[in-house]
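The values are calculated or read from the model by the stated rules, or taken from the named source; none is laboratory data. Just so you know, these numbers come straight off a predicted model, no measurement behind them. Here the Cβ positions follow ideal geometry from the backbone for every residue, glycine too, while neighbour counts run over all protein chains shown. Just so you know, the surface numbers come from the protein's heavy atoms only, side chains and all, with ligands and any DNA or RNA stripped out. Shrake-Rupley method; radii C 1.70, N 1.55, O 1.52, S 1.80 Å.
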Amino acid sequence: MSAIIEVKDLTVAFHTRNGVVRAVDGVSFRVEAGQTVGIVGESGSGKSVTCYSLLGLISQPPGRIEGGSAIFGNQDLLKLSEKDLQKVRGSRISMIFQDPMTSLNPFLKVGTQLVEPLRLHQGLDKAAAWKKGIEALAEVGIPDPATRMDQYPHEFSGGMRQRVMIAMALITRPQLLIADEPTTALDVTIQQQVLDLIKDLQKRLGIAVVFITHDLAVVHEICDVVNVMYAGRLVESASAADLFAHPRHAYTRALMRSIPALQKKGEPLYTIPGLPPDLSQLPDGCAFRARQIPDRQALCLTTKKPPLLEIASGHWVQACPGCVEGGLPL
């Protein structure tokens, strides 16, 4: 199957007064038509920076894309000018941000913001765009959409604002949707509604989705392929079914142990010991070594970064002897 987007060896650094922060270090993945690809990891793992970089949404400086490619159609997104990127953003690739209250302008009516992509990318007049905006709000399940178009963001609940963001992202019928933790700011009931909505719209519209999250339970429900990131690098990548059935890297297994629903009732919730490393002072070897259980730390690499190896068909893992369960293929 052909890839909607193929990212190879993406490297992004932030040059600060305190040193160079290696936010993304050699990340590669692909997204095929109609597929949902998850990027999962703790805060600071580099998952959001990875996707923001594809659309030129990191501040440059201090950010700098230092290597790699991101082939979308016949274009390398990393080499496009700002003018050419503007033709892609919001048209062929759309994004849902984590907090809709900070993404929507409080001084503009929801309808004005919703139809802006249509006016900008498709050149529709106000009347035609407004009609499509009403249809878009109805499509995401907002009642009385014609009235809602004339209201301001503060007149919507958190869940309804997120639905507006989804409608805005999909109104131009993009090929690729990037969802950056779209359920984090919502309560559990609304989270499920938003996930169901994204899955339903994806199925009907046939778009590809990159889903960024720290929640493996969400990944299990919505993703076809999962990429696990830690300290700016991929530590494991596989189909969702394979990853959850056979997690090989210690960090992936630790994330799974952290899912509250999998904990035994009455027992303390599991937390991964320690903290993620400082990305400006990464160790030469395995970045997870300091958080690994003591009897495995001695096996971790200390002088070179573990390479990413394919240990089974479509299942890649960062090949650190101390972190990979069951050893490594010879």
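Structure values in brief
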item: Mean Cβ count within 10 Å, highest first, over the residues of peptides 109-115, 305-311, 268-274, 160-166; result: 160-166, 109-115, 305-311, 268-274
item: Local electrostatic count at I222 - Lys and Arg +1, Asp and Glu -1, tallied over other residues with Cβ under 12 Å; result: -3
item: Structure-based [θ]222 nm, the chain - -39500 (n - 2.57) summed over DSSP H runs of at least 4, per residue, nearest 500; result: -8000 deg cm²/dmol
item: Over the chain, relative contact order from alpha-carbon pairs under 8 Å, at least 6 apart, %; result: 20 percent
item: Candidate aspartates and glutamates for bridging to K79, where Cα separation is under 17 Å - those fewer than 8 sequence places away on the same chain excluded; result: E6, D9, E66
item: Nearest-20 debye value, the chain charge dipole, Cβ charges on Lys, Arg, Asp, Glu; result: 360 debye
item: Cysteines not pairable in the chain (beta carbon separation under 4.7 Å absent); result: C51, C223
item: Dipole of the chain, positive direction: furthest Cα of M95, N74, V235, with charges on the beta-carbon; result: N74
item: Accessible surface of the chain [probe 1.4 Å, protein heavy atoms]: carbon and sulfur percent; result: 53 percent
item: Principal-axis tilt of helix 126-139 within the chain, Cα atoms, nearest 10 degrees; result: 50 degrees
item: Accessible area expressed per residue, the chain, with surrounding protein chains retained (probe 1.4 Å, Å²); result: 48 Å²
item: Candidates A136, A217, A298: whichever shows maximal mean-square fluctuation once the chain is modelled as a Gaussian network with Cα springs under 10 Å; result: A298
item: Given K132/K203; K8/K199; K8/K126, the pairs whose alpha carbons are separated by over 29 Å; result: K8/K126
item: Given charges at Cβ of Lys, Arg, Asp, Glu: the chain dipole, positive-most of C223, T11, G322; result: T11
item: Quarter of Cα convex hull surface for the range 101-224, i.e. mean projection, nm²; result: 7.4 nm²
item: Accessible area of T16 in the full protein assembly, 1.4 Å probe (Å², nearest 10); result: 70 Å²
item: Additional length obtainable on full extension of the chain from D196 to S157, 0.36 nm per residue less Cα span; result: 12.2 nm
item: All lysines inside 18 Å of K131 as judged from Cα atoms, apart from same-chain residues fewer than 8 positions distant; result: K109
item: Added length on full extension, which subtracts the Cα-Cα distance from 0.36 nm per residue, Q297 to E310; result: 2.4 nm
item: Dipole magnitude of the range 125-167, debye to nearest 20 (Cβ charges: Lys/Arg +1, Asp/Glu -1, about Cα centre); result: 100 debye
item: Residues listed by number, the range 53-93, amide nitrogen under 19 Å from T16 label point at 7 Å toward C-beta; result: 53, 57-66
item: F14 accessible area, assembled protein chains, probe 1.4 Å, Å²; result: 50 Å²
item: Dipole of the range 130-219 [Lys/Arg +1, Asp/Glu -1 at C-beta], most positive-end residue of F156, W130, I212; result: W130
